[in-house]
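Remarks on the structure that follows.
Coordinate-derived values only; no laboratory data. No experiment lies behind these values; they were computed from the predicted model shown. Glycine also receives a Cβ, built like all others from the backbone with ideal geometry; neighbour counts cover every protein chain displayed.
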């Protein structure tokens, strides 16, 4: 009986290798999301109150150069606890990087926030970022 099971397992493996996967490659959810899709996921996570997932999806889209994600991530990081409660963090340095990237793409929100952050730095109100 044991040898019959081993033969069936071997035949199953051979059949899968010969025929290929049951689903076409395009049906597998293994491709990374587009920046716009990641941004949409971030907005859904925000609506659901999952702020860590929101930041993760925003970072994915922002790092891919998606302007709306860069501006929103910068805002989220700059306003952190004020918008999302005391469990959330504020990171003005990372926010500045987001706004700088957005401003370089012509984003008005990025340019405005970058200007304000630079002014605060010159006046000594903001920690200097590396």
*Using alpha carbon coordinates only, what is the Rg to Rh ratio of the range 34-128, with Rh defined as the Kirkwood radius?*
0.98
*Nearest-0.05 FRET efficiency for residue 119 and residue 53, computed from C-beta distance (R0 41 Å)*: 0.80
